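Undergrad: The structure's right below; bear with me while I get my questions together.
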2 protein chains.
Amino acid sequence: MCPKRVVIRRSEISSGDRPVMLAVCGDSASGKTTLTRGLVQALGEERLASMCVDDYHRYDREERRALPFTPLNPACNYLGIMEQHLQLLALGEPVLKPVYSHRHGTLERPVLFQPRECLVVEGLFPLYTPRSRACFDLRVFLDPPEAVRRAWKVRRDTRDRGYTEEQVLADLDKREPEAAAFIRPQRRWADIVVRFDHIEVRHEPESSPLSATVMLRPTAPHPDLTRVLNDDTRETIHLKLTRDGDGKPVDALHIHAYASRETTRRVEEAIWEELGIGDDLPACLGLIEPGLRSEPLAVVQLLLLYHLLLERRGDESLADVGT
Amino acid sequence: MCPKRVVIRRSEISSGDRPVMLAVCGDSASGKTTLTRGLVQALGEERLASMCVDDYHRYDREERRALPFTPLNPACNYLGIMEQHLQLLALGEPVLKPVYSHRHGTLERPVLFQPRECLVVEGLFPLYTPRSRACFDLRVFLDPPEAVRRAWKVRRDTRDRGYTEEQVLADLDKREPEAAAFIRPQRRWADIVVRFDHIEVRHEPESSPLSATVMLRPTAPHPDLTRVLNDDTRETIHLKLTRDGDGKPVDALHIHAYASRETTRRVEEAIWEELGIGDDLPACLGLIEPGLRSEPLAVVQLLLLYHLLLERRGDESLADVGT
């Protein structure tokens, strides 16, 4: 006898206008924007809106000079207002979102922000408070090793934000105590923890593309990858039952950077098929910048799309399940 | 037999942290800020917060030049966000309030705004939508004759906002169709309509102080003025049962500018005593600017204080009523 499958459909608990909400949390330069950009491109801005909750800074750069904390301190942010806005967005309501200019270090006039069918919320603090966490259908934490993140931050801030390498490194050191105290502890609240890293055992050179380890915690309905992954794919992508740093059971999905495009493509299509969407697999996944692709990034983005679309599909095709 | 008095106490329907909310609605330069200032001074900023919902402008002055409407058009304002923020404030929640600089005509960084025990919300549109109106315990509309308002606006905008008289008059003409279409119709939603004006029958010179006519609609629990007003006071202040412009019954309270300080003071103290607060009557009421007092303004402010404190008193001293 097969137990009756019980599915709580979104349409039973919402007006249908409520967005599916995904949190992408992580320290500065941990890859949040790159990850999010591919999701927006895959679904289109009409279907997926994204916002950065670092806009909820309480002080501008000038004011912070006189203050004893960095933006990584909760006291430096309007976290109560962030919670309030996330709750409103989760109900499908628009908000007047504050705007922080990273380029000028100033707080600007706010903008009207409307949720779409899906909403990705990235930033330093989306998983910090219980009321904030409760707004999300799926919670992701980006957890690159510090060496990788420091290299990314130096590259971005010297190229895009007008800093020297020495300034960026000094800033990283200044922020470290608050990153340890306030940002990294949010890892424990994630359904998915993503770590892009070199695989040390292979002694890869620093410049080689990064592999990914994706911790799939049993707190979210991940796709059944045992049907997708087999002996043919295990050289490039495999799932391993293990324990997380906190001793709790978790599925660790390893996606190797040297995976062939063909093998990962096969895995991606199998995950996509699980969704039963019918459309072709989005071609824009895995793009780091124009001309530079990462297959591990593509697989991570696909997993997140799977969750976004699974939640959304609950509105429609699951309407006859469990009756 | 006396019917049992039923009082719904605020403490039964709220956490006790919800502010008493007063709307002061009216066109530009209709006296909103002067009226509100006396209330803030009387109760103190710790007890009474005030905000202006004209900060919810959607466009800055530069952007409006290319648009076919003035700030008096609902389309020129984030009225949905205004509603949302009023609802949150009515529940005792803080909001991140937008800021419009009248001096520079620009939209600035928003500020954290916390409600206090009482909250006065002044502006062009606080009574425009049903959801907004529903947030208030008392609704006031300022309704000076156009000649009076135009003189006030010329005086303020040439003195404080850097315009010439010609510019102000041209602006008034440009705004008139939208004032008629969107601002003045809000008068119908007020519990109290205040008109400061010269009393024509007395042929007063233009420079003489203004009298006030206060329409007390039976939609709010006004103080029982029949016990306060008598033959001794009728030369300076009297109540008249009449019909409003829409034909509906209303009490019209007339307060004459030539009332002696002693007579109005007696009336003010009687109203104050009705409240049973115990403290002395606030001395700062009626102040138009340093050195210039208006007894009619003082009486109007006192009436509003009466309502604010009556609502608040419901938390405490009515706790044993109706049991």
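The values are calculated or read from the model by the stated rules, or taken from the named source; none is laboratory data. Since this is a predicted model, take the numbers as computed values, not measurements. Heads up, the Cβs are rebuilt from the backbone with ideal geometry, glycines too, and the neighbour counts pull from every protein chain shown. All accessible areas refer to the heavy atoms of the entire protein, side chains included, with ligands and DNA or RNA removed. Shrake-Rupley method; radii C 1.70, N 1.55, O 1.52, S 1.80 Å.
Undergrad: Going through B:L72, B:L79, B:L35 one at a time, which residue ends up being touching a residue at least 40 places away in the same chain (Cβ under 8 Å) and within 14 Å of another protein chain (Cβ to nearest Cβ)?
TA: Exactly one of B:L72, B:L79, B:L35 is touching a residue at least 40 places away in the same chain (Cβ under 8 Å) and within 14 Å of another protein chain (Cβ to nearest Cβ), namely B:L79.
Undergrad: Grab the strands (runs of 3 or more DSSP E) fully contained in the range A:235-310, keeping just those with 3 or more residues being more than 21 Å from the chain's Cα centre (by Cα).
TA: On the way: elements: A:237-243, A:249-255, A:287-289.
Where strands (runs of 3 or more DSSP E) fall fully within the range A:235-310 and carry at least 3 residues being more than 21 Å from the chain's Cα centre (by Cα), they are A:237-243.
Undergrad: Considering every residue within the range B:65-82, establish whether at least one is in contact with a Gly (Cβ under 8 Å, 6 or more places away or on another chain) and open to solvent by less than 50 Å² (accessible area, probe 1.4 Å). Steps first, please.
TA: Residues of the range B:65-82 that are in contact with a Gly (Cβ under 8 Å, 6 or more places away or on another chain), as a first pass: none.
Within the range B:65-82 (the criterion being in contact with a Gly (Cβ under 8 Å, 6 or more places away or on another chain) and open to solvent by less than 50 Å² (accessible area, probe 1.4 Å)), the answer is no, since none of the residues qualifies.
Undergrad: Just the residues that are among the aliphatic types (A, V, I, L, M), closer than 15 Å to B:P19 by Cα and open to solvent by 20 Å² or more (accessible area, probe 1.4 Å), please, taken from the range B:108-153.
TA: Across the range B:108-153, the qualifying residue is only B:A134.
Undergrad: Sort out which residues of the range B:60-69 are among the basic types (K, R) and within 11 Å of chain A (Cβ to nearest Cβ), and write them in order of number.
TA: none
Undergrad: Quick one: would you say A:E122 is under 19 Å from A:D27 (Cα atoms), more than 14 Å from chain B (Cβ to nearest Cβ) and of a type in the set (D, E)?
TA: The answer is yes for A:E122.
Undergrad: Looking at B:D27, B:D55 in this structure, which one is assigned to a loop (DSSP other than H, G, I, E, B) and either at pLDDT 95 or above or within 10 Å of chain A (Cβ to nearest Cβ) (or both)? Steps first, please.
TA: Details: B:D55 fails: assigned to a loop (DSSP other than H, G, I, E, B).
Result: B:D27 is the single residue among B:D27, B:D55 that is assigned to a loop (DSSP other than H, G, I, E, B) and either at pLDDT 95 or above or within 10 Å of chain A (Cβ to nearest Cβ) (or both).
Undergrad: Within the range B:30-49, is even one residue open to solvent by less than 10 Å² (accessible area, probe 1.4 Å) and part of a loop (DSSP other than H, G, I, E, B)?
TA: Yes; the residues of the range B:30-49 include at least one that is open to solvent by less than 10 Å² (accessible area, probe 1.4 Å) and part of a loop (DSSP other than H, G, I, E, B).
Undergrad: When A:M215 is evaluated against the numbered criteria (1) at pLDDT below 80; (2) under 22 Å from the mean Cα position of the chain (by Cα), which criterion, by number, is the only one it fails?
TA: Here A:M215 clears every test but (1).
Undergrad: Shifting gears a bit: Quick one: count up the residues across the range B:85-97 that are open to solvent by 20 Å² or more (accessible area, probe 1.4 Å) and either in a helix (DSSP H, G or I) or within 11 Å of chain A (Cβ to nearest Cβ) (or both).
TA: 6
Undergrad: Specify which of the listed residues (A:P223, A:P218) is assigned to a loop (DSSP other than H, G, I, E, B), farther than 19 Å from A:T36 by Cα and open to solvent by 50 Å² or more (accessible area, probe 1.4 Å).
TA: A:P218
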